[in-house]
Amino acid sequence: FDDITMASAAWSITGAPVEVVTPYISGDLRALRFEQSADVLYIAHRLYAPRKLQRLTATSFQLSLINFLPTPSFEVNFKPVATLTLSAVTGSGITGTTSVAVWLDGDVGRQVVSGAGRATVKSITSSTIAVLDVLDDFASVGPIASQSWQMEGSPNAGTLTPGAAGPEGKVTTFTASVATFRSTDVGSLLYGNAGCAKITVFTSSTVVNAEILRPFTNVTAIAAGLWPLESASWSATLGFPGVVSLDAQRLWWGGSTNFPDSVWGSVVGDYENHAKGPADDDAVDFPLALSGVNLIRWMKSMSGLMVGSVAAEISLSRSDDAPLATANPPAVKTRTKEGADNTVDAIATSSAILFLQRGAQRIQELAFDPTTVEISYVAVD
């Protein structure tokens, strides 16, 4: 408008602003990241559990924690509240003795780790004595302090039998063929037979109750070593994802405190479902696994999922246009190495991504350049 138009225009505002209470403090606002799907705005911050802002009516909005069914997860590392004393720092068939009862028959096959030392559990002699084969020498025979050593991986020694295959939401018993479960497993996820369940009640070392989150194909006993026991990838202790984006009908999260270079994609078309499995539309998670510090600071959809980290700009896609899936992992490629600053989010335009370079001195434009030798991407000032 010119000055005359502005001066003569009649302005009127009806209604009142809608205010929604949030947990975020002013110092956190620049690190918030958003992605919108219709009337739902997904919100990410590394210090806060993921939330969504929903528009219920024109004047009614609701902010709530996202109840992922299930949440992204990884194999449990168990840190016993017990000291560990070894009969030797190296060799096969050494013994590991704990100060209180720790060992279960289901621990056979798991790895015992303390510092650089690693050993495989070969057999269980009693609840306080296990036979170990050392893979990497331990620093000393100990006693190694309580909770400064851990068992990695899932139970490997016994089968697991679901009490029911479904439906979703049903609570049923799961029975292991050998002593496997601990009271600390409550809240963990059980996978197998293309299904997923969350442990709700610990009954004994062989029996737990669990809520079925994704139906199992059958109630046949799941073979030893084929049913991972997993815990949530995100928590107040491990941190939460700091970035969120939509791409290829999945809602993607990335850049948590404990997994700074990992991305998690939901089930296709089901944004709050992270149940993993063999199907192409099951949820996925991928580490970038590139050299350097790769804390993720933005993600945008552009001919695949583009990721901006503190060290580089990276693409996750497949040249054969196959869907990104556990069986079809993406080609993770470094495209440029400007690095991203976290004070503002990147902006996706129709053909490029604008982002603030690490150090907050320059704005870079990441775009596809067919004139380059490899027909790749460039980031120009």
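Tabulated data
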item: Condition met for Ala176 (touching a residue at least 60 places away in the same chain (Cβ under 8 Å) and in contact with a helix residue (DSSP H, G or I) (Cβ under 9 Å, 6 or more places away or on another chain)); result: yes
item: Residue under evaluation Glu211, criteria (1) under 17 Å from Phe68 (Cα atoms); (2) in a loop (DSSP other than H, G, I, E, B), criterion not met; result: (2)
item: Sole residue being surrounded by 18 or more Cβ atoms within 10 Å (Cβ to Cβ), within 30 Å of Arg33 (Cβ to Cβ), under 18 Å from the mean Cα position of the chain (by Cα) and hydrophobic (A, V, I, L, M, F, W, C), chosen from Leu238, Leu229, Leu189; result: Leu189
item: Residue selected from the range 36-84 under the condition of a type in the set (Ser, Thr, Tyr) and buried (at least 17 other Cβ atoms within 10 Å of the Cβ), by the criterion nearest to the chain's Cα centre (by Cα); result: Ser73
item: Check on Ala139, more than 17 Å from Val108 (Cα to Cα) and open to solvent by 50 Å² or more (accessible area, probe 1.4 Å); result: yes
item: Answer from Ser262, Ser315, Ser309, Ser351 - the residue that is in contact (Cβ under 8 Å) with a residue 60 or more places away in the chain and of a type in the set (S, T, N, Q); result: Ser315
item: Test: residue in the range 255-276 that is in contact with an Asp or Glu (Cβ under 8 Å, 6 or more places away or on another chain), among the hydroxyl-bearing types (Ser, Thr, Tyr), at pLDDT 95 or above and crowded, with 24+ Cβ neighbours inside 10 Å; result: no
item: Flag if Val178 is out of contact with any Leu (no Cβ under 7 Å at 6 or more places or on another chain), more than 18 Å from Thr71 (Cα to Cα) and of a type in the set (A, V, I, L, M, F, W, C); result: yes
item: Residue, surrounded by the most Cβ atoms within 10 Å (Cβ to Cβ), within the range 192-204, restricted to residues that are free of Cβ contacts under 8 Å to residues at least 40 places away in the same chain and outside any strand (DSSP E or B); result: Asn193
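The values are calculated or read from the model by the stated rules, or taken from the named source; none is laboratory data. Nothing here was measured: the structure is a model prediction, and the numbers come from that model. Quick reminder, even Gly has a Cβ in these numbers, built from the backbone with ideal geometry, and neighbours come from all protein chains shown. When the accessible area is computed, the model is the full protein with side chains, heavy atoms only, and any ligands, DNA or RNA have been set aside. Shrake-Rupley method; radii C 1.70, N 1.55, O 1.52, S 1.80 Å.
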